[in-house]
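What follows is calculated from the coordinates using simple rules that are stated; it is not laboratory data. What you are looking at is a predicted structure, and each value in this text was computed from that prediction instead of being measured. Counting neighbours? That spans all protein chains shown, and the Cβs are built from the backbone with ideal geometry, glycine included.
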């Protein structure tokens, strides 16, 4: 688990170092790198309790490619005959 250190000053004047977990980043498209809409982000424990449909969109390449790139990919696959 990735963690980061934060210096906090207490009311008594003493400074302590807290070690807190880093927040997870947002999901990005595999081709163009834009942030994916409709994809939940959170820790693995948080995502484990979510329903499958709320974790990613219900379309081909949902949660991996953005809608623009997935349309291009589907057209390419149809042209190839796969």
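Here are some notes:
- In degrees, nearest ten, helix 67-80 long axis to first principal axis of the chain (Cα): 30
- Percent RCO, i.e. relative contact order, over the range 24-80, from Cα pairs under 8 Å lying at least 6 residues apart: 33
- Protection proxy ranking, peptides 65-76, 29-40, 9-20, 46-57, average beta carbon neighbours within 10 Å, highest first: 65-76, 29-40, 46-57, 9-20
- Only DSSP H runs of four or more residues enter the estimate; each adds -39500 (n - 2.57), and after division by the residues of the chain the mean residue ellipticity at 222 nm equals -7500 deg cm²/dmol.
- Residues residue 68 and residue 15, FRET efficiency given R0 of 35 Å [Cβ-Cβ distance, rounded to 0.05]: 0.10
- Prolate/oblate/rounded label for the range 24-80 (Cα gyration tensor, a/c 1.5): prolate
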